[in-house]
Amino acid sequence: MKNMKRWCVLSVVTWFVVPLLHAEPVGWSQVPEILARIQAPVFPARDFAITNYGAVTDGKTDCSKAMEAAINACARAGGGRVVVPPGEFTTGPIHLKSNVELHLDAGTTLKFSTDPKAYLPAVFTRFEGIECYNYSPLIYAFEQTNVAVTGGGLLDGQATEENWLSWKGRRNPGAQTQMAARARLDKMNDESVPVNQRRFGEGDYLRPNFIQLIRCRNVLIADVRIRRSPMWEIHPLLCTNVTVRGVNIVSHGANNDGCDPESCRDVLVKNCLFDTGDDCMAIKSGRNNDGRRVGVPSVNLVIRHCTMKDGHGGVSIGSEVSGSCSNVFVEDCQMDSPNLSCALRLKSNPIRGGVMQNIFMRNVTVGQVADAVLLIDFLYERISQGPCLPAVRNVAMENITVAHTPRVLNVRGLPGAEISNVRISGSSFKQVAKPDIIENADVKLVNCSLEPAK
């Protein structure tokens, strides 16, 4: 507990001083400057087809060695495209290198092995915001520059309740689930156990992410379709200059977030479809002690022209947001599903803490949500006591048009935890059936129209 209090103090000092250095208030006028910095990487016009390195298009033969050989050849040549031609291929984990674009031609299906042993030896990763060594993600890059996954093909993780998804323990809690290992990892985090001693793998049942890029610069994920992920789909971590565009994600397993930028700077997500088993977009910055120890917030994220269907939140921030988050801009999106909880969701608790500030959403059309348009939850996972009170400030939603919502606001703060200057303006809400919930928060509707349910 003493260590936790110390980290909370350090986080507060760092985060509250830095914004004071900027006299100009943050708002939509900053978006052009952010977008000017976000440039997709460009690759040399050299192709390395995996079939030239022994890959067989029968959907059964393991093409891992052919994939690795093509990536190595591409990297040695100074970069280019590693091409997966039309057909059905099966592979184990793919580790990208600098200046390599993994390109799936239209008509390609790239299936990933469901044998956990294929994803060993363990690699450095984060599991739900906590650093450790665990199974390799299906597509992985560590400390690389200029990396991409592109093309009109299909990435199929093949996750089902007969393999990866059963490890969650949602349907059949028992010995072969993540529960014991996750509790052990939480304890290591609480006790500040060195990361190189946090070793997990066979028998621990901590699922890998689909695409995880760590400490990379100049990242592009474009146009691919993603299905049946073991866990989070697209997870840029500690990355700078990230573009995710035209991606089509339909994956409804447990913790199947669509895109999770974590502790990243300068991120653009546009023209994507999210139909997921968890948050469509979830912006994060580390969990508890690790988030405060690493101390890298998510900053300068632009989300535009996206479609959100099923999911816990259209755009969420948290719940692993201990390193804080600032400057999020969401515009011109469409959200609609009876299984979509809310349009904007900010979530933390007094163990996780974190500051979420300068969050802007405009010109969003919502057909239906299941809970509320705006959900702020400072009692996430029913935790109401702890030394690291979260904070939310400066949230502006404008021109939000909603056809059906049980309520507009579901805001649950805590005594002493700041939720300030949260405004929804110039918006319309129809079929409103329940009163708003506002607890320990400064939240207002300005020039909005509400039509009660008939």
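The values are calculated or read from the model by the stated rules, or taken from the named source; none is laboratory data. As the structure is a prediction and not an experimental result, all values here were calculated from the model. We place every Cβ from the backbone using ideal geometry, glycine too, and count neighbours over all the protein chains shown.
In table form, for the structure just shown:
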{"read-out": "The listed residue being among the acidic types (D, E), outside the structural domain of T177 (by TED's automatic domain parsing) and free of Cβ contacts under 8 Å to residues at least 60 places away in the same chain, out of D260, D290", "value": "D260"}
{"read-out": "Residue, farthest from T51 (Cα to Cα), within segment 105-128, restricted to residues that are crowded, with 21+ Cβ neighbours inside 10 Å and polar (S, T, N, Q)", "value": "T125"}
{"read-out": "The listed residue being in the same structural domain as P116 (by TED's automatic domain parsing), part of a loop (DSSP other than H, G, I, E, B) and either within 23 Å of the chain's Cα centre (by Cα) or under 27 Å from V149 (Cβ atoms) (or both), out of G201, G174", "value": "G201"}
{"read-out": "Number of the condition not met by M188 [criteria: (1) assigned by TED's automatic domain parsing to the domain that holds L96; (2) under 22 Å from D115 (Cα atoms)]", "value": "(2)"}
{"read-out": "Boolean, N209 is farther than 14 Å from N134 by Cα, buried (at least 21 other Cβ atoms within 10 Å of the Cβ), in contact (Cβ under 8 Å) with a residue 60 or more places away in the chain and not hydroxyl-bearing (S, T, Y)", "value": "no"}
{"read-out": "Check on P350, farther than 15 Å from H312 by Cα, within 22 Å of the chain's Cα centre (by Cα) and surrounded by fewer than 24 Cβ atoms within 10 Å (Cβ to Cβ)", "value": "yes"}
{"read-out": "L273 vs. criteria surrounded by fewer than 24 Cβ atoms within 10 Å (Cβ to Cβ), within 13 Å of the chain's Cα centre (by Cα) and of a type outside the set (S, T, N, Q)", "value": "no"}
{"read-out": "Number of positions in segment 1-55 that are loosely packed, with under 12 Cβ neighbours inside 10 Å, modelled with pLDDT of 50 or more and of a type in the set (G, A, S)", "value": "3"}
{"read-out": "Residue within segment 143-153 that is more than 30 Å from G295 (Cβ to Cβ), surrounded by fewer than 19 Cβ atoms within 10 Å (Cβ to Cβ) and either β-branched (V, I, T) or in contact with a strand residue (DSSP E or B) (Cβ under 8 Å, 6 or more places away or on another chain) (or both) present", "value": "yes"}
{"read-out": "Segment 237-251, subset of a type outside the set (G, A, S) and over 22 Å from T145 (Cα atoms), residue surrounded by the most Cβ atoms within 10 Å (Cβ to Cβ)", "value": "I249"}
{"read-out": "Residue within segment 213-222 that is part of a loop (DSSP other than H, G, I, E, B) and either buried (at least 18 other Cβ atoms within 10 Å of the Cβ) or more than 22 Å from the chain's Cα centre (by Cα) (or both) present", "value": "yes"}
{"read-out": "Residue ID - surrounded by the most Cβ atoms within 10 Å (Cβ to Cβ), chosen from residues in segment 387-421 that are among the hydrophobic types (A, V, I, L, M, F, W, C) and touching a Leu at 6+ places or on another chain (Cβ under 6 Å)", "value": "V392"}
{"read-out": "Residue identified as assigned to a helix (DSSP H, G or I), assigned by TED's automatic domain parsing to the domain that holds K111, within 27 Å of R292 (Cβ to Cβ) and not small (G, A, S) among R207, R182", "value": "R182"}
{"read-out": "Condition met for V42 (of a type in the set (A, V, I, L, M) and assigned to a strand (DSSP E or B))", "value": "no"}
{"read-out": "Members of segment 390-449 that are of a type in the set (A, V, I, L, M, F, W, C), under 28 Å from the mean Cα position of the chain (by Cα) and in a loop (DSSP other than H, G, I, E, B)", "value": "L414, A417, A441"}
{"read-out": "Pairs with Cβ under 8 Å, 6+ apart, first in segment 385-397 and under 30 Å from D332 (Cα atoms) and touching a residue at least 24 places away in the same chain (Cβ under 8 Å), second of a type in the set (S, T, N, Q) and assigned to a loop (DSSP other than H, G, I, E, B)", "value": "P390/S348; P390/N349; M397/S427"}
{"read-out": "Qualifying residue in segment 224-240 (condition: touching a Cys at 6+ places or on another chain (Cβ under 7 Å) and either part of a helix (DSSP H, G or I) or closer than 19 Å to K117 by Cβ (or both))", "value": "no"}
{"read-out": "Matching entry among A73, A66 (being modelled with pLDDT of 95 or more and out of contact with any strand residue (DSSP E or B) (no Cβ under 8 Å at 6 or more places or on another chain))", "value": "A66"}
{"read-out": "Filtered residue count, segment 34-75, keeping only those that are charged (D, E, K, R) and either closer than 25 Å to C239 by Cβ or free of Cβ contacts under 8 Å to residues at least 24 places away in the same chain (or both)", "value": "4"}
{"read-out": "Criterion violated by S384 - all others in (1) part of a loop (DSSP other than H, G, I, E, B); (2) closer than 18 Å to C325 by Cβ; (3) not aromatic (F, W, Y) satisfied", "value": "(2)"}
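Condition check ((1) over 15 Å from the mean Cα position of the chain (by Cα); (2) at pLDDT below 95; (3) crowded, with 22+ Cβ neighbours inside 10 Å) across all residues:
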{"position": "S285", "(1), (2), (3)": "no, no, yes"}
{"position": "D290", "(1), (2), (3)": "yes, no, yes"}
{"position": "N300", "(1), (2), (3)": "no, no, yes"}
{"position": "D332", "(1), (2), (3)": "yes, no, no"}
{"position": "R345", "(1), (2), (3)": "no, no, yes"}
